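**Student:** Please see the structure below; I have some questions.
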Amino acid sequence: MSSSIRKANHSDALTRLAQAVAVAVSATLAGCQSTNFAAQSTVQPKPNLAAKIKQKPVIWLSEKPAPEVPQDVWERMRRGFQLQDNVGVNPRIEQQRLWFASNPSFLENAGERGSLYIHYIVERLEERNMPLELALLPVIESAYNPMAYSRSDAVGLWQFIPSTGRYFNLRQTRAYDGRRDITASTTAALDYLTRLHDMFNGDWLLALAAYNAGEGTVSRAIERNEKLGLPTDYWNLPLPQETKDYVPKFLALSQVVLAPEAYGVNLNPIANTPYFEVVEVKQSMDLSRVAALAEIDEDELFQLNPALKQRTTLDGPQHLLVPSSKAQLLTSTLSTMKPEELLAMRPKKQVFDEVETARVAGRTRSYKVRSGDNLTLIAKADSKKPVQYKVKKGDSLYIVAKRFNVEMQHLKRWNPRTGQALKPGQMLVVSGPR
């Protein structure tokens, strides 16, 4: 028999077998259905006892328990680090890390000073989903000293120069400097860093370099490398030496905080709870009297409110930062005080009763500032000669005009050869002879 005939016979046999099986199955199913129908018509259904029993939720094996909340803010910070993955081995970072290991007291002391502020900064960073390493930036900038002051007139934890501070709404007056305000300057710094991060296409290293040197400096370095066909990442840019060290120092510091014991650094735990709360005040108050009223150490109260340069709430926001343990006591005490008792909380003396130095027409002399004075009025002390001003880093015609309360058009008229770009050390006439 040929193979084709054998295959045909075999196929016919399989077909007949399948038809027989189908008939048998159909008959069986029909019988089952009739049997079930008969059973259902004669037998009463049993009560569903399981429906009355409260079912326990099913816990899938893939679900993981929620991570334990760290008690130490240093540990909370470490869990939010985002800039360590792509660092690798870098001799510039290793050099800075060696410095921190050789000077453990620097970070230890900065951590002690920062214990008042770090929790607040970490929370603000988490709200914006920003790298928690940035909570260490004030260590680099100011060693967490809110009173820090640099040669370039940078002030506060985040070291804002006057012009940048004003750009980010940090008001600066004789009695109040927003660059030292813990909450206001932190908001401004995170706004600035976010802006730089966006400007440099999500590159945090370039953003940090720009925070140190200015966005113009970094942008020009990138343009220069692009023209030469060179890499434009942070590590390959021709930047000032301070900026070349700035980012490696920041990354090295982060690595030391990740494993302080490995570098001989002892970081005292900082409670992962708010250190201070905001208490509203409705009138001018002397900080020493507030401290006595709420049983707060006066120096600690000033460390929380360093923007109040005269240690009064004469100027600035109508609130105080107060240790959390004392906030309720101060709030309740203020709410129950009589008007005459509140009046007694006012500053002891006029904060303007002080001797200031005014530079007039190139010579220095003393002048006693009176209530209501401003720089324009002081300038009239010698009205026969023009008043001059020495330009500082970050100044512009707009800033100088606002500082001396004069119109831009007058400032330009007094300085006809001055362009829009000012240079540090340049002399400007800010008030003409009268």
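The values are calculated or read from the model by the stated rules, or taken from the named source; none is laboratory data. Since this is a predicted model, take the numbers as computed values, not measurements. Note that each Cβ is placed from the backbone with ideal geometry, even for glycine, and that neighbours are counted across all protein chains shown.
**Student:** Please verify whether region 280-294 includes one or more residues that are among the charged types (D, E, K, R), loosely packed, with under 15 Cβ neighbours inside 10 Å and at pLDDT below 85.
**Tutor:** yes
**Student:** Output the residue which, of all residues in region 270-319 that are under 18 Å from residue 147 (Cα atoms) and basic (Lys, Arg), is farthest from the chain's Cα centre (by Cα).
**Tutor:** That would be 311.
**Student:** Shifting gears a bit: Mind listing just one residue for me: the one in region 320-346 that is surrounded by 16 or more Cβ atoms within 10 Å (Cβ to Cβ) and either more than 33 Å from the chain's Cα centre (by Cα) or of a type in the set (D, E, K, R) (or both) and, of those, modelled with the lowest pLDDT?
**Tutor:** Per the criteria, the residue is 345.
**Student:** (1) in a helix (DSSP H, G or I); (2) in contact with a helix residue (DSSP H, G or I) (Cβ under 6 Å, 6 or more places away or on another chain); (3) of a type in the set (Val, Ile, Thr): which one isn't true of residue 187, the others all being true?
**Tutor:** Answer for residue 187: the failing condition is (2).
**Student:** What's the number of the condition residue 386 fails, among (1) modelled with pLDDT of 80 or more; (2) over 26 Å from residue 150 (Cα atoms)?
**Tutor:** If we test residue 386 against (1) modelled with pLDDT of 80 or more; (2) over 26 Å from residue 150 (Cα atoms), just (1) comes out false.
**Student:** Just checking, which of 196, 239, 253, 206 is outside the structural domain of residue 301 (by TED's automatic domain parsing), in contact (Cβ under 8 Å) with a residue 12 or more places away in the chain, under 24 Å from residue 107 (Cα atoms) and aliphatic (A, V, I, L, M)?
**Tutor:** 253
**Student:** Would you mind finding the one in 80, 88 that is small (Gly, Ala, Ser), closer than 30 Å to residue 236 by Cα and modelled with pLDDT of 90 or more?
**Tutor:** On inspection, the qualifying residue turns out to be 80.
**Student:** Right, here's the next one. Quick check on residue 413: is it more than 27 Å from residue 152 (Cβ to Cβ), modelled with pLDDT of 75 or more and exposed (fewer than 12 other Cβ atoms within 10 Å of the Cβ)?
**Tutor:** yes
**Student:** Within region 156-177, is even one residue more than 28 Å from residue 315 (Cα to Cα), surrounded by fewer than 22 Cβ atoms within 10 Å (Cβ to Cβ) and either not assigned by TED's automatic domain parsing to the domain that holds residue 252 or not charged (D, E, K, R) (or both)?
**Tutor:** no
**Student:** Take residue 322 and decide whether it is β-branched (Val, Ile, Thr), in contact with an Asp or Glu (Cβ under 9 Å, 6 or more places away or on another chain) and part of a strand (DSSP E or B).
**Tutor:** In short, yes.
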